[in-house]
Amino acid sequence: MRVAVIGTGYVGLVAGACLAETGNDVICVDIDAERITRLKRGEIPIYEPGLKDIVQRNTTQNRLTFTTDTVDAVRKSLVIFMAVQTPMDEDGSADLKHLLDAAETVASGINGYKVIVDKSTVPVGTAVKVKETIARHTDQPFDVVSNPEFLKEGAAVDDFMKPDRVVIGCESQQAEAVIKDLYSPFVRTGHPMITMKVASAELTKYAANAILATRISFINEMACLCEKVGADIAEVRHGIGTDSRIGAAFLFPGMGFGGSCFPKDLRALIHTASVNGLDLKVVKAAVEANEQQKQFIPARLREHFNDDLKNRRVAVWGLAFKANTDDMRESSVLDVINFLLDGGARITAYDPQAIENARRIYGDRIGYTGDSFSALEDAEALVVATEWNEFRHPDFNRMLNLMASPVIFDGRKLFDPTRMRELGFRYYGVGRA
Ligand code: NAD
């Protein structure tokens, strides 16, 4: 099938590459000319495990191409995926500017029946807006389908190739048949393609993110309570997670959720509800609890250094909002770094993939190292902010030798508190006294 994907970010590039992998001819489009030039050169502008191989393989076989020419890509395609960003607007709603701008350009390329697919996360009613926008510019036939994406950054290729389910919001049999045909290679293990009303599909994505984020806020609250009452959150998590009604996934305490999706999507959901006269108390509480959790490490740093951070040398392991990505959007480590910088601390940071992005944010206001141990030289404290595998079993003796004082703030609960204390570290963790 001939497919165009508008937007080559974390979702668009993965979707385009995976759709090419199953034999489709895919044209990936972006308005960012530099990004397209890099992609044409074989450079992958984001870090996502497995993505480079799949892009290279499909580019070599001419199934995957890159362009800035949306109109031409639309003319050549039957299905057009819209995968542009939908960031948070000032009032908390999803800003649809990029999507509707893209829809206008797409309209100019329509030269026969097309299926336009909203892949971006968008509030209920957006498919109608996209349809109206396109219809203002063309008399050609087309359908708009809502097909929200559930991939996780860090495991995006795997998630796209083997989705738990494919949600298709569609009110046209012709479009439904096209989309089901396109996705059939991805659900051969029996995972469902769920067709539903467009509004339901649009809301499903937000509801999914809201319940996941709520689980994180819930377990973070329990972790804080554990510390107060002498319980261990790992034991409590095991105790509740083995209940089949609850399950163990997505119950890891930490420094608060971040990333490009949960924070903005929860706020957009709250906004949608509020314009419809509803107050989403549970979702609001999840956001509020998260704001509090993001202050967990700063509060402990303040306490440890008696509110005097001036010239303190602090190492930070991990900048990405989670492991296996270079994405720092809304990363909770930003709150920690900003707090340390405000207090006058000197930061040396290491991340296996996110340093380029950190440089864009902080420039030379913080130092960077090419490996985790160099960041520890003369450090008076280490903050562990991302759960990269390489941080899980470091050489603790080497760490003790390198650090000026062996103090660890473990925002990801990677280390065992008892062992750390036995080794001689002053250890601040999450969820265990
Ligand atoms: P992104 O910011 O990484 O990428 C968006 C890309 O779209 C950019 O490269 C941008 O230049 C391009 N773009 C913007 N306007 C354009 C236009 N008019 N024509 C062509 N290209 C244009 O965004 P992302 O993280 O891939 O997210 C895309 C959407 O998918 C968002 O709605 C997001 O909420 C949703 N989503 C993201 C994830 C995730 O994990 N990142 C997961 C599921 C859903």
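The values are calculated or read from the model by the stated rules, or taken from the named source; none is laboratory data. These numbers were taken from a predicted model, which means no experiment stands behind them. No Cβ is skipped: glycine too gets one built from the backbone with ideal geometry, and neighbour counts run over all protein chains shown.
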- Task: Considering each residue of the stretch 3-41, count those that are within 10 Å of the ligand (Cβ to nearest atom) and of a type in the set (V, I, T), and give that number.
- Result: 8
- Taking the condition more than 16 Å from the ligand (Cβ to nearest atom) and in the same structural domain as R237 (by TED's automatic domain parsing), does D279 pass? yes
- Filter the stretch 93-107 for residues that are closer than 22 Å to V275 by Cβ and either crowded, with 17+ Cβ neighbours inside 10 Å or of a type in the set (A, V, I, L, M) (or both) and give the result. S93, A94, L96, H98, L99, L100, A103
- Message: List the residue pairs whose Cβ atoms are under 6 Å apart, where the first residue sits in the stretch 69-83 and is in the same structural domain as G112 (by TED's automatic domain parsing) and without any contact (Cβ under 8 Å) to a residue 60 or more places away in the chain, the second is buried (at least 17 other Cβ atoms within 10 Å of the Cβ) and assigned to a loop (DSSP other than H, G, I, E, B), and the two are 6 or more positions apart or on different chains.
- Response: V71/G109; R75/G109
- Take the stretch 153-173 and flag every residue that is among the small types (G, A, S), part of a loop (DSSP other than H, G, I, E, B) and within 13 Å of the ligand (Cβ to nearest atom). G154, A155
- Task: May I ask you to list the residues in the stretch 134-152 that are assigned to a helix (DSSP H, G or I) and surrounded by fewer than 20 Cβ atoms within 10 Å (Cβ to Cβ)?
- Result: A135
- Message: Condition (residue is within 16 Å of the ligand (Cβ to nearest atom) and aliphatic (A, V, I, L, M)) applied to the stretch 303-321: is it met by at least one residue?
- Response: yes
- Query: Right, E390: surrounded by fewer than 16 Cβ atoms within 10 Å (Cβ to Cβ), touching an Asp or Glu at 6+ places or on another chain (Cβ under 8 Å) and not basic (K, R) or not?
  - Reply: no
- Give me the pairs, please: first residue somewhere in the stretch 96-119 and more than 18 Å from C170 (Cβ to Cβ) and part of a helix (DSSP H, G or I), second residue anywhere and within 13 Å of the ligand (Cβ to nearest atom) and among the aromatic types (F, W, Y), beta-carbon distance under 6 Å, and either six or more positions apart or on two chains. none
- Query: Can you spot a residue in the stretch 233-251 that is within 16 Å of the ligand (Cβ to nearest atom), without any contact (Cβ under 8 Å) to a residue 40 or more places away in the chain and in contact with a Leu (Cβ under 6 Å, 6 or more places away or on another chain)?
  - Reply: yes
